[in-house]
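The values are calculated or read from the model by the stated rules, or taken from the named source; none is laboratory data. In this text the structure is predicted, and so the values were computed from the model without any measurement. All Cβ positions, glycine included, derive from the backbone under ideal geometry; neighbour counts span all protein chains shown.
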Amino acid sequence: MNTVNASNTQAVSAQDLNEEGINLAEITAALKPHWKKVLGLSLGAGILTYAGTYLIPPTYTAQTTFISPQQQQNSAAAALASLGALGGLAGLSGAVKNPADQYIALMQSVTVSDHIIDRFKLMDAYKAKFKVDARKELASNVRISAGKKDSLITVEVDDHSPQQAADMANAYVQELKQLSNGLALSEAQQRRMFFEQQLRQTRDNLASAQLAVQKAGVNQGSIKTEPKAAVESYAKVKAEIAGGEVRLRTLRNTLTENAPEIQQQLATLNALRDQLSRIEQPEANPGSVDYINAYRDFKYQEALFEIFAKQFEVAKLDESREGTLLQVVDAGTPPERRSKPKRGTTALAATLLAGFISSSLFTIRQLRQAKQPN
């Protein structure tokens, strides 16, 4: 209660004195009789604060720096351009504008945080009852940032143990490698996974088409019909449909169904399907139709298998180049000096603050006494 009254009196007195006009000479004169007390209180506060910092457990900061993986845009574009009618697959190669932000987000994910918490038993270290509390404490002790002009990512970890701080900083890079290996993050990884799936499916289709050709057999009518000529237009249209369907699936991942791009792609696909249905119309000789259909499907699957096999090898080569791009520039080492508390800075701040408060109190008190009538 006395403290509140004193504060109110101080505020009112300061306002009254300000209204009356107090110059620097009057303040200096009012403070002069009490300068020893002000100095003593300031030094005392600084010394006590400095001594108090020894009661705070020291905090050590370890740091590790690594190169952010960069995506190979030119290689992807060259590979997809060779697909010809399947050029619509280029939509799969949309890469993140800033890969560093993506990798920072992965390191800040719940998956990585939980692995770090379990690995270093941080639930006990932070005395957390729930994992969500441990995650918050961990997030306050970890800083992850990327350079503005370079691709370097820096991980800083605070801990009371220098060795554990270094181990945790290095563990973030290890966890990022393990997590990214299971995800198609880069453009090359996305292409490799897509072509691997298509290659597997096309291999099965090719085997089925080959069996169909063998069952259809060869007769006089099918020889006269020139199956190779019938296959060319069929394979071309079907390849365009395959590319268009993949393009449509890619657009649906980012756009709504009513988007103009999707509507245009649907119209293109419908036109191609109509064209394909006209090509597949049965002809006069049922025997030749069976063979021609089987033969042209076999040639289509064979050409498609060759295309996917080449692109799969290109994607694997690009992925192998990107696989080792998580290169550590500076591994985390146990810091030799603590980062917190900063005893000198804290003591100096306490000294200045105590000096300001005590000077204000003594000045106001002395000026009030001087203004009062005898």
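The residues of the range 142-177 that are over 15 Å from the mean Cα position of the chain (by Cα), part of a helix (DSSP H, G or I) and either modelled with pLDDT under 90 or not hydrophobic (A, V, I, L, M, F, W, C) (or both), listed by number, are P162, Q163, Q164, D167, N170, Q174.
Can you go through A134, A128, A105, A166 and tell me which one is out of contact with any Phe, Trp or Tyr (no Cβ under 9 Å at 6 or more places or on another chain) and either outside the structural domain of S68 (by TED's automatic domain parsing) or within 23 Å of P57 (Cβ to Cβ) (or both)? One residue alone meets the criteria, A128. Whether a residue is modelled with pLDDT of 80 or more and farther than 30 Å from P341 by Cβ was assessed, and R192 does not pass this test. If the condition is being of a type in the set (G, A, S) and surrounded by fewer than 17 Cβ atoms within 10 Å (Cβ to Cβ), then the range 113-145 contributes A125, A139, S140, S145. Here R368 passes the criteria (1) modelled with pLDDT under 80; (2) of a type in the set (D, E, K, R); (3) part of a loop (DSSP other than H, G, I, E, B) except the one numbered (3). Of the residues A235, A309, the single one that is part of a helix (DSSP H, G or I), at pLDDT 80 or above and of a type in the set (A, V, I, L, M) is A309.
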